[in-house]
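Asker: Provided herewith is a single structure, encoded as structure tokens, for subsequent inquiry.
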Amino acid sequence: ISDQKPLGCWSVKHGQILTCPVVCNFETHEYIAVYNGKVLRIWKNEDISLDKAFKATLSADVYRIHSLPHGGPLVLFRRGAVRTLDVLLEAPQQEIEEVISGEGIRWSGAFMEGQQPVLIFITHKQGDFFVYLQKPKLSSPHRYRLEQEKEAKPVYFTANIINQTVTLLCLYSNHTVYQVLIPLQQDTEEEKEEGILSKSLLLRLSLFGSVLKGLSLVVLDKDHVAVLGRLVAPKKERKEYLTIWNTKFQMLQTSKQLPLGTGGQMWCYEGKLFLFHGRVLNVIMYKCETSSLAAAVGKLKDSQTSDVSLFVNWSTLKDEELVVSFQSQESVALKAESTTNLRSGRSTVAEGQPETLSVAQFLLNLKDVSSCELETELKEMMAKAPSPDLQATIGSVVTTLTDRCKSNPKYYPRHFLQEIAETQDLSYSLCPDLMAVALKKRDVHLLQICLERFPDVPEEIIYACLNTFLSTAESFLQTTDVAIDSVICYIDVELNNTEVKTEIVENGFSAEKDQDMSDTETSEERQSNSVGESCPVGPQKAALLNAVLHSAYNETFLLPHLKNLPAQQAILFLRYLYYLYVKCSGKVNTTLPGIRSPTINQIMDWMCLLLDAHFTVMVMLPEAKELLSNLHKFVRAQVRFYSELNKIEGSLRELQRLNHLRESQSYSIEVLEII
């Protein structure tokens, strides 16, 4: 969500229909899907095609799969049977019993009670609703009948488990929410008579004097629920609202209109609400504090009411993104958490200050002050910011500075921005304009800091930084304050900042031994092309390129940008990667010394990526021929070396086994002949 891009995409063939939501197995990090009711597919993130993924055909139709963080996936069949995924995979064609007859499942949910998973599902038959509680190690569930409501029926369910008791919330068609308490039975196989569950009225949904027709609800904590609903008003336009209710005092806490309409669905996961608003995915971070009567009626003196939700538009990353502020009067206020802020084109996070002014209002008042005064005020504001809101406040500060930079081209607080980026725990999401301004000002040091510290830099910006670093003259970089900690330990620098050739002995490679029948190079050419050649770039540029190598990226989204890299820059970058590859191979543990030095995997991945983007061009360029030839020989020698190691792998393992069997107290000299 933060990067606004898909991390993976898989499709089924024509005629195959996914019949229940896909879930993730938290224990194995695998995806689980069911199509056409009975066909189970399991695959991992690196799998490209579902056709090659694990497939199992079951003997009965699946209603839904529930995945629990510590309990493993549970499979609920349409006829009410429950199996753990592990048991099901042992014998996919095992017979599945029928638990319900003539009943249709309307809702299901899975929860953890201690170390044991509990599955709850609700069925419907001829106007009656039944609740089933199932523990996987029991062969049959406990069955209850839900008390009927005159002239109304339940339209939505949600539940949670607290202190050995299931709290079931039912949203009824007469605009009410009822609560049903179900004690968890002891683990026993004894058959019990069907019990009738009584319900108690929890909420009557009304807003602005009109009835609120509930569409869905989720539990936020033991005292608060969120209800997505539509106002029922005759001869008036239908308006949909997100409402937060205090169930302890049975009162509306806060509400917000959603003018673009919703699909009626809402989810809650790890302190965030998810719902659709038009063509926008609405993600709202919230924090529920202890409920009290003073807070509920808005009389709590210490309550802070500054809350933010970010509406992320999937179709654009520009200024059309909508930022809406929830104004609340109590502790259930939806508070933006800086660590999960979503990327927005121009988002200002409003956080409460110790003083009466909010951050947004305070920054607005600084709009016309002088640059010197602005920096002084911003430093004081960051020092006063409360620790829970510090990141969001600093993000607002950086946004204010970058906005002034864009409006006033002569203004650029280089050292202030570098200090903030270096000392604060920021992300690209909090200040998306920072790197754009740094690119425009060619502030390579700030770009280096951002690449090393920001975990969510988009691929387009990574490419822009790479292009800037490669195109910047070495003479200019020598005058800049670039951190070279990542290169100083493996690049020998003379006083005139030129590279010194160093002898490198790589694993298994010897230029003298690498002979080939088709190799027509002279000895002079071999010497000039030796793997001990110097680094093709200076230490400053090498440190900047290392920052690019450390950046997280998605190959699918980076490759189109890399194809736009000029050919000469691509060759220079490949030469540097080749130089690093040789350096790594010369180490026993293939690890370069230094702080934040690139790893062998990062070097290899970028080499492959660059060759994929420019292979045709490099084959055609004469200046790239020698580089590709050297790279080919070196890789071939590496493959040959590891092939020789594989031949003696069995002998080495046998040697290791004999060492384990030998008594450590005795002394002996043995000669082992490796055949």
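The values are calculated or read from the model by the stated rules, or taken from the named source; none is laboratory data. Owing to the predicted nature of the structure, the values given are computational and were not obtained by experimental measurement. Counting neighbours? That spans all protein chains shown, and the Cβs are built from the backbone with ideal geometry, glycine included. In case anyone asks, the SASA skips ligands and DNA or RNA and just uses the protein heavy atoms, side chains included. Shrake-Rupley method; radii C 1.70, N 1.55, O 1.52, S 1.80 Å.
Asker: Read through the list (1) under 26 Å from L7 (Cα atoms); (2) modelled with pLDDT of 85 or more; (3) out of contact with any Cys (no Cβ under 8 Å at 6 or more places or on another chain), then give the number of the only condition that D443 fails.
Answerer: (1)
Rundown of residues vs (1) free of Cβ contacts under 8 Å to residues at least 40 places away in the same chain; (2) within 27 Å of A567 (Cβ to Cβ); (3) acidic (D, E); (4) outside the structural domain of L558 (by the TED database), yes/no style:
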| residue | (1), (2), (3), (4) |
| --- | --- |
| I595 | no, no, no, no |
| N601 | yes, yes, no, no |
| C608 | yes, yes, no, no |
| A613 | no, yes, no, no |
| T616 | yes, yes, no, no |
| A637 | no, no, no, yes |
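Asker: A further question on this structure: Can we say E30 is acidic (D, E) and within 29 Å of F276 (Cα to Cα)?
Answerer: yes
Asker: Read through the list (1) at pLDDT below 90; (2) buried (at least 17 other Cβ atoms within 10 Å of the Cβ); (3) not charged (D, E, K, R), then give the number of the only condition that I122 fails.
Answerer: Of the numbered conditions (1) at pLDDT below 90; (2) buried (at least 17 other Cβ atoms within 10 Å of the Cβ); (3) not charged (D, E, K, R), the odd one out for I122 is (1).
Asker: I'm told L89 meets every condition in (1) assigned to a helix (DSSP H, G or I); (2) within 26 Å of Y156 (Cα to Cα) except one. Can you identify the failing condition by its number?
Answerer: Unmet condition: (2).
Asker: Could you grab me the full set of residues in the range 475-505 that are assigned to a loop (DSSP other than H, G, I, E, B), at pLDDT below 50 and not basic (K, R)?
Answerer: So the first thing to find is which residues in the range 475-505 are assigned to a loop (DSSP other than H, G, I, E, B), and the list is 478-492, 494-498, 500-505.
Of the ones still in play, those that are also at pLDDT below 50 are 494-498, 500-505.
If the condition is that a residue be assigned to a loop (DSSP other than H, G, I, E, B), at pLDDT below 50 and not basic (K, R), then E494, L495, N496, N497, T498, V500, T502, E503, I504, V505 are the ones that fit.
Asker: Among all residue pairs at least 6 apart or on different chains, which show Cβ distances below 8 Å where the first residue, located in the range 5-26, is within 20 Å of H66 (Cα to Cα) and touching a residue at least 24 places away in the same chain (Cβ under 8 Å) and the second is open to solvent by 50 Å² or more (accessible area, probe 1.4 Å) and in a loop (DSSP other than H, G, I, E, B)?
Answerer: Pairs found: T19/N36; T19/D61; F26/P69; F26/H70.
Asker: Another question, then. I'd like to check which strands (runs of 3 or more DSSP E) are fully inside the range 1-63 and have at least 1 residues that are in contact with a Leu (Cβ under 8 Å, 6 or more places away or on another chain) and either open to solvent by 50 Å² or more (accessible area, probe 1.4 Å) or of a type in the set (S, T, N, Q) (or both). Don't jump to the end; show me each part of the working.
Answerer: Values: elements: 23-25, 30-35, 39-43, 54-57.
Answer list for the range 1-63: 23-25, 54-57.
Asker: Further, regarding this structure: Quick one: would you say G214 is closer than 26 Å to I161 by Cα and in contact with an Asp or Glu (Cβ under 9 Å, 6 or more places away or on another chain)?
Answerer: Answer is no for this residue.
Asker: For the range 113-128, how many residues are charged (D, E, K, R) and over 18 Å from F157 (Cα atoms)? If you could, list the steps in order and put the result at the bottom.
Answerer: We begin by selecting, within the range 113-128, every residue charged (D, E, K, R); these are 113, 125, 128.
After this cut, where a residue has to be over 18 Å from F157 (Cα atoms) as well, the list is 113.
The qualifying residues number 1.
Asker: Have a look at A570, A542, A613 and point out the one that is in contact with a Ser or Thr (Cβ under 9 Å, 6 or more places away or on another chain) and either among the aliphatic types (A, V, I, L, M) or surrounded by fewer than 17 Cβ atoms within 10 Å (Cβ to Cβ) (or both). If you could, list the steps in order and put the result at the bottom.
Answerer: Values: A570 fails: in contact with a Ser or Thr (Cβ under 9 Å, 6 or more places away or on another chain); A613 fails: in contact with a Ser or Thr (Cβ under 9 Å, 6 or more places away or on another chain).
Testing whether each residue is in contact with a Ser or Thr (Cβ under 9 Å, 6 or more places away or on another chain) and either among the aliphatic types (A, V, I, L, M) or surrounded by fewer than 17 Cβ atoms within 10 Å (Cβ to Cβ) (or both) leaves just A542.
Asker: Filter the range 157-180 down to residues that are in contact with a Cys (Cβ under 9 Å, 6 or more places away or on another chain) and within 17 Å of L119 (Cα to Cα), then give me how many there are.
Answerer: 3
Asker: Restricting the search to the range 84-118, which residues are in contact with a Lys or Arg (Cβ under 9 Å, 6 or more places away or on another chain) and closer than 17 Å to D61 by Cβ?
Answerer: Q94, I96, E97, E98, V99, I100, S101, G102, E103, G104, I105, S108
Asker: Which condition from (1) at negative phi; (2) assigned by the TED database to the domain that holds A392 is the one that L466 breaks?
Answerer: Among (1) at negative phi; (2) assigned by the TED database to the domain that holds A392, the lone unmet condition for L466 is (2).
Asker: Pick out the one residue from F274, F249 that is part of a loop (DSSP other than H, G, I, E, B) and open to solvent by 30 Å² or more (accessible area, probe 1.4 Å). Talk me through it step by step, then tell me what you get.
Answerer: Details: F274 fails: part of a loop (DSSP other than H, G, I, E, B).
F249 is the lone residue from the list that is part of a loop (DSSP other than H, G, I, E, B) and open to solvent by 30 Å² or more (accessible area, probe 1.4 Å).
Asker: Quick check on the range 423-440: of everything there that is modelled with pLDDT of 85 or more and either among the hydrophobic types (A, V, I, L, M, F, W, C) or assigned to a helix (DSSP H, G or I) (or both), which residue is farthest from the chain's Cα centre (by Cα)?
Answerer: The qualifying residue farthest from the chain's Cα centre (by Cα) is K440.
Asker: I've got another one for you. Here are some conditions: (1) under 27 Å from T468 (Cα atoms); (2) modelled with pLDDT of 80 or more; (3) touching a Phe, Trp or Tyr at 6+ places or on another chain (Cβ under 8 Å). G594 meets all but one. Which one does it not meet?
Answerer: Failing condition for G594: (2).
Asker: From the list I462, I449, I420, which residue is touching a Phe, Trp or Tyr at 6+ places or on another chain (Cβ under 9 Å) and in a helix (DSSP H, G or I)?
Answerer: Numbers: I449 fails: touching a Phe, Trp or Tyr at 6+ places or on another chain (Cβ under 9 Å); I420 fails: touching a Phe, Trp or Tyr at 6+ places or on another chain (Cβ under 9 Å).
Answer to the check: I462.
Asker: Still on this structure, please answer the following. Keeping to the range 98-110, report how many residues are crowded, with 16+ Cβ neighbours inside 10 Å and part of a loop (DSSP other than H, G, I, E, B).
Answerer: Narrowing the range 98-110 to residues crowded, with 16+ Cβ neighbours inside 10 Å: 99-100, 103, 105, 107-110.
Add one more test, that the residue is part of a loop (DSSP other than H, G, I, E, B), and what stays is 99-100, 103.
Looking only at that region, the number is 3.
Asker: Further question on the same structure: Among the listed residues E113, E95, E90, identify the single one that is among the charged types (D, E, K, R), free of Cβ contacts under 8 Å to residues at least 24 places away in the same chain, at negative phi and open to solvent by 30 Å² or more (accessible area, probe 1.4 Å). Show your work before the answer.
Answerer: Working: E113 fails: free of Cβ contacts under 8 Å to residues at least 24 places away in the same chain; E95 fails: free of Cβ contacts under 8 Å to residues at least 24 places away in the same chain.
From the options E113, E95, E90, the qualifying one is E90.
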